[in-house]
Amino acid sequence: MNLSSVDWGPVAGQLMRLGAPLLGTLIGGVPGAVAASVIGSLATAIGADPTPESISDKLQNDPGAAQAARDFEADNRERLEIEIERTKRVQIEQANVSLRAEITAGDRFQRWARPFNMWVLGAVTGSYGFCCVAAAIVTMATKDPTALTHLVALGATLVTVLVPCGAVAGVTAWQQTKENLAGVVQRPPPAGLVPGKPAKRK
């Protein structure tokens with residue numbers, strides 16, 4: 001089973017709620033050899049199989065497993081913190097590489113699509129804000145809220161149009177970075193992880 005290809009988000013959230021935030025951050029972050037190694041070691045420590053369903057069920061129904069997860073994090077805190085910081089640096093570096101690739105791309109559409117999108121979003125949002133301020137001033141001066149009322153109604157339409165545009169740009173950028181990172185963060189698993197005391201299987 002390829003552990004890095006599975007969605008570990010729910011397990012990561014569960015670990016954070018149980019008091020193991022470092023494990024949750026690393027497991028729920030960028031997939032790769034490090035996360036896979038931690039998942040395998042954690043599964044051994046709590047007495048579960050290295051699958052989201054098995055680990056989640058064990059953590060939810062076995063208080064001993066939850067404590068074993070906290071102990072595992074405490075025993076490996078320094079190593080986990082180092083790997084989290086290293087992963088963050090790789091994320092930043094890869095994002096910069098992606099941006100530089102777009103800037104230097106031979107395809108003009110690829111090079112200018114995202115900057116143009118962000119400029120348009122910024123210009124429209126800024127113009128709408130300026131109009132709102134002007135309408136508010138007019139309303140206070142004339143006691144006639146007609147202009148402001150129309151702008152508020154227009155704002156709902158703008159939000160409906162602009163939010164999907166911004167979401168598409170953001171999701172596209174994040175997905176590209178995540179896919180690149182899945183290939184970048186494939187280094188040997190961290191040495192020195194302390195297995196912890198395996199929880200008894202029920």
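Quick notes
- Only a single criterion out of (1) in a helix (DSSP H, G or I); (2) modelled with pLDDT under 90; (3) surrounded by 16 or more Cβ atoms within 10 Å (Cβ to Cβ); (4) within 19 Å of the chain's Cα centre (by Cα) is not satisfied by residue 14, namely (2).
- Of all residues in segment 46-79, exactly one satisfies the criterion of being aliphatic (A, V, I, L, M) and in contact with a Ser or Thr (Cβ under 8 Å, 6 or more places away or on another chain), namely 48.
Yes/no per residue for (1) touching a Phe, Trp or Tyr at 6+ places or on another chain (Cβ under 7 Å); (2) surrounded by 16 or more Cβ atoms within 10 Å (Cβ to Cβ); (3) at pLDDT below 90:
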{"site": "9", "(1), (2), (3)": "no, no, yes"}
{"site": "25", "(1), (2), (3)": "no, yes, yes"}
{"site": "29", "(1), (2), (3)": "no, yes, yes"}
{"site": "42", "(1), (2), (3)": "yes, yes, no"}
{"site": "66", "(1), (2), (3)": "no, yes, no"}
{"site": "69", "(1), (2), (3)": "no, yes, no"}
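- Close pairs (8 angstrom Cβ cut-off, 6 or more residues apart or separate chains): part of a helix (DSSP H, G or I) in segment 39-61, hydroxyl-bearing (Ser, Thr, Tyr) and buried (at least 17 other Cβ atoms within 10 Å of the Cβ) anywhere: none
- Residue that is modelled with pLDDT of 75 or more, surrounded by fewer than 21 Cβ atoms within 10 Å (Cβ to Cβ) and not polar (S, T, N, Q), where the choices are 73, 81, 102: 81
The values are calculated or read from the model by the stated rules, or taken from the named source; none is laboratory data. A quick note: this is a predicted structure, and the numbers were derived from the prediction, not measured. Neighbour counts run over all protein chains shown; Cβ positions are idealised from the backbone, glycine included.
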